[in-house]
Structure formats: structure tokens, C-alpha cells
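For reference, the structure discussed in these notes is given below.
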Amino acid sequence: MIEIIPVCAFTDNFIWLVHDGHYAVAVDVGDAAPLLEQLDALNLTLSAVLCTHHHADHVGGNATLITRCPASVYGPENEKIPARTMPLCGGETLMLPGLQMPCRVLAVPGHTLGHLAYMIETPEETALFCGDTLFAAGCGRIFEGTATMMWQSLSVLMALPEATRIYCGHEYTLSNLRFARVVEPDNAVLVARIAAVQALRDADKPSVPSTLAEERATNPFLRVDVPAVRAAAHAYSGLPCTTAPETFAALRAWKDSFR
Ligand code: ZN
Ligand code: FE
């Protein structure tokens with residue numbers, strides 16, 4: 001059996017730990033200390049580190065980590081990834097060492113130019129590790145790419161199976177949902193999700209992973225084809241939100257200034 005567990009780092013980062021009780025693969029090790037503690041506690045051997053992008057809160061722990069547990073470090077070839085041994089550009093299917101499980105690599109530029117997402121199919125689930133591209137109820141800021149690029153990347157993720165579980169890089173869900181509700185106040189599924197996520201957070205539980213189906217139903221950035229979302233983006237920005245990419249760009253700019 002394969003288990004996927006969150007290791008919390010900093011204030012709201014998730015390091016994801018995929019393990020079979022013996023070998024482990026870690027995703028986005030911003031800080032080595034909490035991960036090392038968890039590996040010790042579960043008596044796991046780290047075989048690989050997957051990096052989605054170069055930001056320090058996702059790769060800052062790599063160097064320390066590999067001095068303690070030598071593991072292959074996978075990451076975008078065109079970004080500066082500490083201790084990377086296996087450069088990737090998207091489109092590859094790699095065999096995860098230790099777990100001996102295939103992992104699909106998807107290029108999802110926008111937040112950064114080399115941003116990657118990793119997809120695995122365990123006997124239990126299809127899991128997507130998408131870093132800061134798709135968040136629960138939101139999406140990453142566009143730091144290096146363009147809105148069109150980010151929209152294309154989200155479209156790639158939207159085409160995955162509905163039951164895919166979305167393991168993103170941050171616990172940003174409640175604040176994302178606050179924005180989503182302003183965009184789409186009449187979305188009943190969204191209102192129900194806010195209550196469910198609030199209950200989880202009140203109990204100090206993570207709101208991640210969600211499923212792609214939930215995101216399609218409540219994440220405004222995946223709902224730019226919905227007339228109410230287009231109307232809201234247009235009303236706020238004054239821009240012609242007649243196509244999905246235009247609406248996405250207006251929505252992303254709106255969220256950037258939303259408090
Ligand atoms: Zn980032
Ligand atoms: Fe981040």
C-alpha cells in the first residue's frame with residue numbers, strides 16, 4: 001500500500017511524502033528538518049526528491065537533506081535547483097527509485113518558466129503534485145510566465161481524470177475560497193466547500209488534497225467558461241472577458257489585488 005502524507009513546513013508549505021512503509025519519495029522539500037524527523041519516525045529510506053520549481057520554500061531543504069540521505073533529486077532543467085541530479089523538462093515518464101512506480105512529468109509553466117507537475121497512479125488513487133500552479137480553490141501567482149501560459153498549464157491539468165487528487169504546495173484554501181465566493185456568490189457547491197474547509201481548519205487538519213472534480217466545481221480559475229464567472233471578471237476589470245484566456249487573465253489580476 002502506498003501512503004501520501006503531508007509534512008508541514010514554515011507556516012503554510014506542504015512537503016508531500018509518498019511511501020510504501022519502506023521507501024519514500026518527497027515532493028518540494030523547502031525545509032529538511034521536519035522531513036528528516038518524519039523519515040526517522042516512520043523508519044523510511046528516502047529514494048528520491050521531486051522538485052516542482054526553484055522557489056526557496058520548495059527546494060531550500062535539498063542540500064541539507066541529501067547530506068543526510070543520498071537520493072536522486074529531480075527538477076526542472078532550466079531552473080536553479082540545489083543538488084539536482086536528474087534534470088527534467090516535462091513529457092517524461094520516470095521510474096521512481098525505491099517505490100518502483102512510474103511517474104509522469106508535466107510541464108506547467110506560468111508561476112515559474114520551468115514549473116513541473118508530477119503524476120503517479122497508486123493502487124489507491126491518481127495523485128498530482130502540482131506545486132504552486134493549481135491550488136485548492138485557487139492558482140499560483142504568475143511570476144515568470146504570462147497569463148496565457150498559465151491558462152494553458154491549468155488546461156493541461158483540467159484534462160486529467162476527475163478523481164485525480166490535487167496535492168498542491170500550500171495551505172491557502174480558506175483565503176482562496178474567500179476570493180472565490182466574491183467571484184461566484186451563488187455557487188452552492190462553493191458555499192458548502194467553505195463550510196467543510198473551515199471545519200477542517202478549525203480541527204487543525206489540512207484541506208489538501210482535494211479532487212479535480214471539486215476544483216472544477218468551485219475553483220474560479222478553472223471556471224472561466226461559466227457565464228457568472230465571466231460576468232464577474234468583466235464587471236470588476238472592465239476588460240472584455242469573452243474568451244477563457246481573457247477571463248482567466250482578468251481574474252488573476254483581480255486576485256493579485258484582492259485583500
Ligand atoms: Zn513558488
Ligand atoms: Fe511556494
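The values are calculated or read from the model by the stated rules, or taken from the named source; none is laboratory data. This structure is a prediction, so every number in the text was calculated from the model and none was measured. Glycine gets a Cβ as well: all are built from the backbone with ideal geometry, and neighbour counts include every protein chain shown. Each accessible area value is taken on the protein alone, full model and side chains, heavy atoms only, with ligands, DNA and RNA left out. Shrake-Rupley method; radii C 1.70, N 1.55, O 1.52, S 1.80 Å.
Numerical summary
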item: Complete set of residues in the stretch 153-177 that are in contact (Cβ under 8 Å) with a residue 24 or more places away in the chain, open to solvent by 50 Å² or more (accessible area, probe 1.4 Å) and either more than 16 Å from ligand 2 (Cβ to nearest atom) or among the acidic types (Asp, Glu) (or both); result: Val156, Pro161, Glu162, Ala163, Arg165, Leu174
item: Filter result (within 16 Å of ligand 1 (Cβ to nearest atom) and surrounded by 24 or more Cβ atoms within 10 Å (Cβ to Cβ)) within the stretch 17-32; result: Val27, Asp28, Val29
item: Selection within the stretch 110-136 - in a strand (DSSP E or B) and more than 17 Å from Ala163 (Cα to Cα); result: Leu116, Gly131
item: Lone unmet requirement of (1) open to solvent by less than 40 Å² (accessible area, probe 1.4 Å); (2) under 20 Å from Tyr23 (Cβ atoms) for His58; result: (2)
item: Some residue of the stretch 189-200 being loosely packed, with under 14 Cβ neighbours inside 10 Å and assigned to a loop (DSSP other than H, G, I, E, B); result: no
item: Only one of Ala63, Ala33, Ala41 that is away from ligand 2 (no atom under 16 Å from the Cβ), free of Cβ contacts under 8 Å to residues at least 12 places away in the same chain, hydrophobic (A, V, I, L, M, F, W, C) and part of a helix (DSSP H, G or I); result: Ala41
item: Residues of the stretch 243-259 classified as part of a loop (DSSP other than H, G, I, E, B), modelled with pLDDT of 95 or more and either in contact with a Ser or Thr (Cβ under 8 Å, 6 or more places away or on another chain) or within 21 Å of Asp186 (Cα to Cα) (or both), total; result: 1
item: Residue match in the stretch 229-238 (condition: assigned to a loop (DSSP other than H, G, I, E, B), more than 16 Å from Arg178 (Cα to Cα) and free of Cβ contacts under 8 Å to residues at least 12 places away in the same chain); result: yes
item: Matching entry among Ala136, Ala188, Ala147 (being within 20 Å of Phe221 (Cα to Cα) and within 15 Å of ligand 2 (Cβ to nearest atom)); result: Ala136
item: Members of the stretch 72-106 that are under 23 Å from Trp151 (Cβ atoms), within 16 Å of ligand 1 (Cβ to nearest atom) and either surrounded by fewer than 23 Cβ atoms within 10 Å (Cβ to Cβ) or without any contact (Cβ under 8 Å) to a residue 12 or more places away in the chain (or both); result: Asn78, Glu79
item: Residue that is least open to solvent (accessible area, probe 1.4 Å) [pool: residues in the stretch 137-152 that are in a loop (DSSP other than H, G, I, E, B), closer than 24 Å to Ala9 by Cβ and within 13 Å of ligand 1 (Cβ to nearest atom)]; result: Gly140
item: Count of the stretch 42-55 residues which are under 20 Å from His19 (Cβ atoms) and in contact with a strand residue (DSSP E or B) (Cβ under 6 Å, 6 or more places away or on another chain); result: 9
item: Flag for Leu106 being in a strand (DSSP E or B), touching a helix residue (DSSP H, G or I) at 6+ places or on another chain (Cβ under 8 Å) and not hydroxyl-bearing (Ser, Thr, Tyr); result: yes
